[in-house]
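Asks: One structure, as structure tokens, below. Some questions next.
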Amino acid sequence: MEIDPIRVVLAGYGHLGLELAAGLEKDEGFAVVGVTRRSVDSSTVALPSGRTVPLSADLAELLIETQALVLLDATTAEAAAKNARIALTHGVPPVIATTGLSSEAIETIDGLCAERGLGAAIVPNFALGAAVLLHLSRIAAQHFDWAEIIELHHDRKADAPSGTSLHIAREMVESRGQDFKRAETSKFTLADVRAGQQGGVGIHSIRLPGFVAHQEVIFGGLGQTLTLRHDSTSRESFMPGALASIRYVLTSTGVTIGLDKVLGLE
């Protein structure tokens, strides 16, 4: 028996959006049925395969026209929050692939989910390895008192630190039940070299051409260190997690944050 593909509207059509569209087209279980973006100069847009789909700046209209089942959002935090509200209002669960959503925005999305009996997934990093890294970092956090994170991304990334690194730091602090110890520096010969910190976890951001997305978590203890690292060398690494998130959001309720939760890595 042939099963109809999951109909997906894609919000945002930059580097990540193009990669997601290409990956979705390679899987017969999914179909990109429309694209929405802020600037529109045509009524259609060509997908990486060459197939054309409707293009519109009016997300609500596009969701209705295409009978979409899921919104996959690869825009900015501000745009994604607005798009999620529109999608949920029209009965379409969103998967948000961006960082930086405020707690107020997340609360609003969760409230709409409760009203509509729908789910929403906020997944700042679709890479399966990053989800496993987070899971292992939570475990290690229970056994080490010092920790720092180095996150490395391409030079076009606008925000720092990355949403993934902040999420990892917060989860580590929650796992151990208290802030980490932090070595304080008494003399600085160059300002800001000790980076920012979240719950005692120092976070260092590197932006250079050649990187895609990389996270390194370093734990320190007496006479030893433990380093956990994940490297995404291509945006293709995001596709398995993206497909899993789309499937997940169709049957979930409320807001789920992080691919680790989508995969059940508790």
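Where a number appears in this text, it was derived from the coordinates with a stated rule and is not lab data. Just so we're clear, the structure is a prediction, and the values are computed from it rather than from any experiment. Ideal geometry is used to build each Cβ from the backbone, glycine not excepted, and the neighbour counts take in all protein chains shown.
Asks: Please report HIS154, HIS143 as a ranked list, fewest other C-beta atoms within 10 angstrom at the top and most at the bottom. Each step should come with its number before you reach the end.
Replies: Details: HIS154 14, HIS143 10.
Ordered by Cβ neighbours within 10 Å, fewest first: HIS143, HIS154.
Asks: Let's see if you can work this out: charge +1 on each Lys and Arg Cβ, -1 on each Asp and Glu Cβ, no other charges. What is the dipole magnitude of the chain about its Cα centre, in debye to the nearest 20?
Replies: 440
Asks: Per residue, what volume in Å³ does the Cα convex hull of the range 128-233 take up?
Replies: So the per-residue hull volume is 110 Å³.
Asks: Run through the range 166-266 and list the chymotrypsin sites (Phe, Trp or Tyr not before Pro) located in a DSSP loop whose Cβ has at most 10 other Cβ atoms within 10 Å.
Replies: Sparse-neighbourhood loop chymotrypsin sites (Phe, Trp or Tyr not before Pro): PHE188.
Asks: In whole angstrom, note down how far apart the Cα centers of the range 149-175 and the range 24-59 are.
Replies: If we compute the Cα centre of each part, the gap is 30 Å.
Asks: Let me ask another. Rounded to the nearest 5, what % of the DSSP beta bridges within the range 128-233 are antiparallel ones?
Replies: Details: 20 of 27 bridges.
For the range 128-233, the DSSP antiparallel bridge percentage is about 75.
Asks: In what sequence do GLU148, GLU266 fall when counting other Cβ within 10 Å, fewest first?
Replies: GLU266, GLU148
Asks: Based on the Cβ-Cβ distance from SER42 to ASP4, what FRET efficiency comes out when R0 is 41 Å, to the nearest 0.05? Write out the running numbers ahead of the final one.
Replies: On the way: r = 27 Å, r/R0 = 0.67.
The calculated FRET efficiency here is 0.90.
Asks: Got a sec? How would THR189, THR227, THR66 order by Cβ neighbour count within 10 Å, fewest to most?
Replies: Details: THR189 6, THR227 10, THR66 21.
By the 10 Å Cβ count, ascending, the order reads THR189, THR227, THR66.
Asks: Considering the chain, what Rg and Dmax in Å follow from its alpha-carbon atoms?
Replies: Over the chain's Cα set, Rg and Dmax evaluate to 19.6, 70 Å.
Asks: Going through the range 79-177, which chymotrypsin sites (Phe, Trp or Tyr not before Pro) have at most 16 other Cβ atoms within 10 Å and a DSSP loop state?
Replies: Here no loop site has a sparse enough neighbourhood.
Asks: What residues have an amide H closer than 5 Å to that of THR256, excluding those fewer than 5 places away on the same chain, when H is modeled at 1.01 Å from N in the peptide plane?
Replies: Answer set, sorted by chain and number: ALA120, ALA121, ILE122.
Asks: Just in the range 1-107: which GluC sites (Glu not before Pro) are loop by DSSP and have at most 14 other Cβ atoms within 10 Å?
Replies: Passing both the DSSP loop test and the Cβ count: GLU2, GLU28.
Asks: With both bridge residues required to lie in the chain, what share of the DSSP beta bridges run antiparallel, to the nearest 5%?
Replies: 45
Asks: Show me, for the range 4-9, the HN-Hα J-couplings you get by feeding each phi into the Karplus relation (A = 6.51, B = -1.76, C = 1.60, θ = phi - 60°), rounded to Hz, glycine and proline as x.
Replies: Each residue's phi maps through the Karplus curve to give 5, x, 6, 7, 10, 9 Hz.
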